[in-house]
Amino acid sequence: MLESTENPMAYISKRWESLYDVLCKRDSVFDQMTNLFTLCAAIGHLNGEEKAPIDKKGIFRWSNLNSETDVSILTAMAWDARERDLSILADKKRIMEIACDYAESGMQYLYDNFFEDYMQDGQLLRPEKLDIELNLAQILEGLRQKQSVF
Amino acid sequence: MSDKVSIDSILGQINDPAIRIMAEHSLKTARKALDMSDYSRKQFVVEELHKILPRALKVRADNETA
Amino acid sequence: MKLHNIELVNFRQFKDRQTIDIATDSPRNVSVIYGENGRGKTGIFRALMFCLYGDKCLSQDELSGEQKKEGLNLVNEVALKENVGTSVAAQVAMAFSHQGQTFRIVRSIDALMKTDGAIVQSQGSRVELQQTDVTGNTQPIETDPDKITALIQEILNSRLRDYFLFDGERIERLTRNTKERREEVRQGIRALLDLDAMELAIAGLKSLISQIEKEISHKSTGELQRVTTIIADLNAKIEKLENAQELGSQELKRLVHKIHEISELVSENKETADKEKKRQELLKNSQDLKVERDALKREMAGYLSKGAQLVASELIEQLREELELRRHKGELPPNIRKEFVENLLDSERCICGTSLGHDHQQERECLLEFIKKHYTPGLGPESLDLLLSLSRLSSANTGLADQFNRLLTNNKKLGDEILELESKIKLLSDELQEGGTNIDDLIQERKKLEEDKRKLEREMDRQADDIVRAQNEREDLKKKSIVLEKQQSQVNSLVSRRILAEQTLEELEKIYNRFANAAKEKLAEKSTENFARLADDETKKDIKKISIDENYMLDVLNWSGQRRLGEISAGQRQIVSLSFIMALIQVAGNLEVPLFMDTPFGRLSGIHRDHLLDTIPKMASQWILLATDTEFTEVEAHALRQTNAWGKIYELVKEGEGTTRIVERDVHQFTPKRKSIH
């Protein structure tokens with residue numbers, strides 16, 4: 001399938017699919033998948049780790065991103081990742097590729113530090129009982145202060 | 001005294017009306033059937049008996065409700 | 001039935017109209033029809049059978065099925081030849097009396113001779129039954145052939161028709177000791193006595209029963225019973241569950257009430273009233289806090305969605321600074337597009353009018369410098385937009401971090417408060433439990449009741465589910481049972497048919513056995529009686545009686561009870577036959593039929609012949625002797641005259657080719673052609 005350069009696809013690993021579904025469905029923690037994706041990408045960037053998705057699954061396109069928030073943040077991350085070369089600013093395709101790699105490592109981080117204990121056979125058990133919001137918030141807080149919470 | 005022995009009169013003396021109807025009809029049909037060829041005889045009798053059953057059963061039912 | 005006369009019109013050899021009057025006045029009831037062979041003696045008998053039953057042939061003709069249907073040609077052929085191409089009718093009219101009433105039956109049949117000589121005869125015959133009243137007037141009373149047949153059947157059973165006419169040959173055959181002849185006797189008896197009809201009726205019933213049984217087993221599968229049982233079980237189950245539900249909800253009410261009571265009691269108790277009150281308060285507080293925390297949770301979720309901003313806040317700021325710098329330096333593209341400026345260079349003219357040709361190098365250089373400065377790769381027109389977004393984010397982020405912090409702090413605070421409350425509640429509960437024995441028990445009880453209530457609620461939910469499932473299953477089964485019931489009622493109807501058929505079969509078999517035995521006994525008895533009258537003393541020395549065994553085989557027994565049929569003489573056998581035949585007719589037809597015999601005198605000894613001539617007129621109501629000239633000689637004529645039974649004699653005289661005339665002679669004067677048989 002030809003990758004569109006103007007409207008590239010965001011990919012995640014197949015193993016995160018159920019997590020994305022549970023966390024982004026109606027009345028759940030995140031409004032949209034793009035929010036979670038961008039957050040994971042941000043976490044990945046903060047940790048400075050890029051990781052390619054395995055068994056890629058497309059979840060949305062560039063056009064779904066919020067131009068004000070998501071696009072700005074992902075663009076900034078890509079600029080920083082490529083020696084602050086401004087020429088990347090207009091290259092949606094490359095920005096998306098880098099974002100996917102960061103999001104992959106970011107989600108892995110969340111898994112290792114929280115979700116892993118509550119999952120079985122790739123599914124999250126009893127999400128309603130987990131107080132996900134609080135836990136994620138604490139992780140973020142920790143990261144923000146460059147401290148590990150756990 | 002008559003030397004004649006008649007089956008018809010004996011059949012006519014059967015008490016149960018439904019059985020009497022069946023018996024008389026079966027004999028009547030059998031007599032007719034004897035004029036037919038061997039292999040169609042029995043079939044003819046059986047078919048005729050099938051036909052008379054509903055009437056005989058009705059007589060039986062009427063008698064029972066009476 | 002007593003025969004009065006027979007009138008023939010163009011029937012067989014008898015051309016035009018000819019009549020025979022039959023002797024009826026007792027004791028003169030013997031009529032003799034005398035004629036050479038081939039003159040048509042049998043023809044008289046044929047006329048009788050045609051008139052009575054519409055028979056177009058006799059069994060002695062031994063025709064096959066097709067030929068039997070066609071029958072023999074009954075119309076006089078000379079008459080046909082005289083009227084080629086025209087239909088000619090043969091007619092037989094017979095006057096008879098029965099039970100004091102006089103009737104006349106007239107039957108005719110048409111035939112036609114074609115030009116090629118072939119004869120075509122119509123299939124059916126026309127028939128009319130007339131009655132003669134006391135004044136001698138004859139009126140038609142019936143023309144429906146079926147009704148006439150039924151009437152005649154009542155007077156004279158058609159099964160007997162094979163036995164009205166006996167010829168010497170036949171009589172002889174009856175007792176010959178061969179398998180076929182024994183079989184013939186057996187068949188004759190069975191036919192005469194309707195036994196074969198009975199047997200066929202019985203066989204038919206058995207077949208019928210077997211067919212019905214097959215249908216029953218085909219249709220009845222026991223499925224209805226199974227389904228009905230299951231439905232009954234389901235009904236019981238549902239009822240049980242509904243009762244349990246009823247009980248359950250009553251129990252639930254009771255539990256709630258009791259719990260409430262206990263709570264009140266606990267509150268009322270002076271020692272613990274306050275503690276209980278406090279406990280309730282704390283419970284409420286804890287509940288409120290939980291609600292608050294849930295709200296907080298939702299708010300948190302909202303902020304999480306903006307989490308990326310938080311995490312990347314520094315980076316956002318850095319990029320913003322970089323872009324701002326570029327803008328400051330003027331390196332951000334203006335609102336003029338790069339392509340536009342390049343176009344200007346190509347067209348060598350500026351929008352303000354200044355020439356930009358190659359001779360205006362300075363201006364060109366200026367623009368090129370402009371392009372280089374302002375159009376850095378990567379910095380397109382959207383860079384300004386990006387800068388704007390970044391700026392907005394940046395300012396939003398300042399507030400965001402604080403709010404986020406606030407949420408986390410509040411959440412923690414709430415969590416701590418809730419924990420604190422819960423430990424206080426627990427403390428109080430424990431205290432309440434420990435203090436005051438009566439309270440202690442009450443609180444224990446309440447705890448148990450609350451547990452029971454929870455259990456009961458769960459149980460009732462399960463029951464409700466079970467009820468719904470059972471009701472659905474019952475609905476489905478009910479639909480199924482309606483279909484099966486229909487089938488079952490068909491089966492029931494079949495069963496009652498079978499029962500009736502079986503009862504009829506039982507009845508018929510009983511009757512058949514009784515009747516068969518009775519008839520057999522009667523036949524044997526009558527045969528023996530007849531034999532006693534016909535046989536001479538010598539014969540009677542050897543033979544005591546005639547017997548019929550269970551297979552309807554004829555035999556004679558000597559005085560020691562031994563079977564002797566194979567050992568008696570031909571003449572004796574003839575007497576035996578005659579005795580038996582007479583017995584047949586007696587038992588089956590009461591001998592009220594005119595007896596046609598084709599001179600049986602052939603093999604009889606003198607005494608036997610005399611006995612015959614003497615006895616038969618007394619036994620039969622009418623005796624018609626068909627005699628050939630070789631067998632009815634002066635000897636026989638003389639013997640017959642001696643009996644005083646001789647009433648009529650007709651001679652059949654040949655008139656021309658294919659025609660015979662019936663001529664009445666005087667009984668007293670008549671002289672047979674021959675003097676004696678030998």
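Bear in mind these aren't lab numbers, they're just calculated from the coordinates by the rules spelled out. What you are looking at is a predicted structure, and each value in this text was computed from that prediction instead of being measured. As a convention, Cβ positions derive from the backbone with ideal geometry for all residues, glycine included, and neighbour counts pool all protein chains shown.
Computed quantities for the displayed model
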quantity	calculated
Protection-proxy order for peptides C:473-480, C:69-76, each taking the mean of Cβ atoms within 10 Å per residue, highest first	C:69-76, C:473-480
All lysines inside 17 Å of C:LYS15 as judged from Cα atoms, apart from same-chain residues fewer than 8 positions distant	C:LYS41, C:LYS81, C:LYS654
Kirkwood hydrodynamic radius of the protein assembly as shown, Cα pairs, Å	41.6 Å
DSSP loop trypsin sites (Lys or Arg not before Pro) with at most 15 other Cβ within 10 Å: longest gap in chain A	A:85-145
Anchor C:LYS290: aspartates and glutamates whose Cα lies under 18 Å away (excluding residues fewer than 8 positions away in-chain)	A:GLU128, A:ASP131, A:GLU133, C:GLU281, C:GLU299, C:ASP416, C:GLU417, C:GLU420, C:GLU422
Mean Kyte hydropathy of -0.5 or more with a Cα span along the axis of at least 15 Å, helices from DSSP in chain A	A:33-47, A:70-81, A:132-144
Equivalent-ellipsoid semi-axes of segment C:491-643, from the Cα gyration tensor, Å, largest first	40, 20, 11
DSSP bridge pairs, the protein assembly as shown: antiparallel proportion in percent, nearest 5	75 percent
Cross-link reach list, lysines versus C:LYS478, counting only Cα pairs under 27 Å and skipping chain neighbours closer than eight places	C:LYS219, C:LYS237, C:LYS240, C:LYS486
Nearest 10 degrees, 0 to 90: helix C:270-304 Cα axis against chain C principal axis	90 degrees
0 to 90° range, to nearest 10: angle between helix C:41-53 axis and chain C longest Cα axis	40 degrees
For residues of C:204-210, the mean tally of beta carbons on other chains within 10 Å	6
Cα long-axis angle, helix C:361-374 against chain C (0 to 90 degrees, to the nearest 10)	70 degrees
Fewest-first ranking of A:TYR11, B:TYR39, A:TYR20, using other Cβ atoms within 10 Å as the exposure measure	B:TYR39, A:TYR20, A:TYR11
Among A:GLU128, A:GLU17, A:GLU116: highest mean-square fluctuation, GNM of chain A, C-alpha pairs under 10 Å	A:GLU128
Sequence ranges B:22-35, C:448-461, ranked by mean other-Cβ count within 10 angstrom, highest first	B:22-35, C:448-461
Choice from A:ALA81, A:ALA90, A:ALA41 showing the highest fluctuation, given a GNM over chain A with Cα pairs closer than 10 Å	A:ALA90
Non-local Lys pairs in chain A, i.e. 8 or more apart or on different chains, that have alpha carbons under 25 Å apart	17
Average partner coverage of C:295-307, which counts Cβ from other chains inside 10 Å	6
Exercise: per-residue mean of other protein chain Cβ atoms within 10 Å, B:37-47	3
Shape call, segment A:1-83: gyration tensor on alpha carbons, a/c limit 1.5	rounded
Under 20 Å between alpha carbons - lysine pairs in chain B that sit 8 or more apart or on different chains	6
Ascending count of other beta-carbon atoms within 10 Å, so fewest first, for C:THR24, B:THR65	B:THR65, C:THR24
Within a Gaussian network of chain A (alpha carbon springs, distance under 10 Å), most fluctuating of A:LEU134, A:LEU23, A:LEU36	A:LEU134
